[in-house]
1. When Rg is the radius of gyration of the Cα atoms in segment 35-175 and Rh is its Kirkwood radius, what does Rg/Rh come to?
2. Order 86-97, 60-71, 128-139 from most to least packed using the mean count of other Cβ atoms within 10 Å.
3. With r as the distance between the Cβ atoms of residue 154 and residue 102 and R0 = 25 Å, compute the FRET efficiency 1/(1 + (r/R0)^6) and round to 0.05.
4. Setting aside same-chain residues fewer than 8 positions from residue 103, which lysines have a Cα under 17 Å from its Cα?
5. So how compact is segment 30-114: Cα radius of gyration and Dmax in angstrom?
6. So, R0 is 30 Å and r is the distance between the beta-carbons of residue 33 and residue 68; what FRET efficiency does that work out to, to 0.05?
7. How big is the Cα convex hull of segment 102-158 in projection, averaged over all directions, in nm²?
8. What span do the alpha-carbon atoms of segment 59-99 cover on each of the three principal axes, reported in whole Å from largest to smallest?
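What follows draws every value from the coordinates through simple rules; no lab data is involved. As the structure is a prediction and not an experimental result, all values here were calculated from the model. Here Cβ is always computed from backbone atoms with ideal geometry, including for glycine, and neighbour counts include all displayed protein chains.
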Amino acid sequence: MANERTADPTSIEDDGDEYRDETPGERLDRKWNDILQELRVVMTGTQLITGFLLAVAFQPKFAELEQREVTLYLVLVVLATISTMLGLAPVILHRQLSGQNQKERVVRVANGLLLSLLVVVSLTSAGVAMLIFDVTVSQQAGYTAGGVAFVLLLAFWIVVPRIGKRAPRERRSAS
């Protein structure tokens, strides 16, 4: 039983430096619950963006959009639809494989689907900012808003995860 609770720091199912006294099954359950919580947060935003985009087509001003704005709008509708499908996929996968001793596979695949969902939602959000500024202010404002949103997304995807990444190791070495 003691070996069952020993964490392998090189295991893909492990949390790296963060050690928890849990069995592999408990770890998979925790990771699955983390994925579900993250999906709940992302899907709420995805539903709001999708609803907004679907409502836009029924507004009187929609008929006045330039072709490039309509094209951007349709790309955003496709991205929002893909986001919805990516958000449903882990739940569908879990439902299809439930009770088949496939939790590790479900967690691994769902993690990949969630990361894909986050990328698509990120692009959709930047595109929505671009569309709104383009339609309400000007084409240049749209490009600026889209560019700023994209730079912020890059910061959240690349810079923020690296902030403080070395601090725990440095603290451990000092002890």
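1. Taking Rg over the Kirkwood Rh, I get 1.11.
2. 128-139, 86-97, 60-71
3. Once the sixth-power term is evaluated, E becomes 0.10.
4. 31
5. For segment 30-114, the Cα-based Rg and Dmax read 16.9, 55 Å.
6. 0.10
7. Values: hull surface 16.8 nm².
The number I arrive at for segment 102-158 is 4.2 nm².
8. Sorted largest first, the three principal extents are 53, 18, 8 Å.
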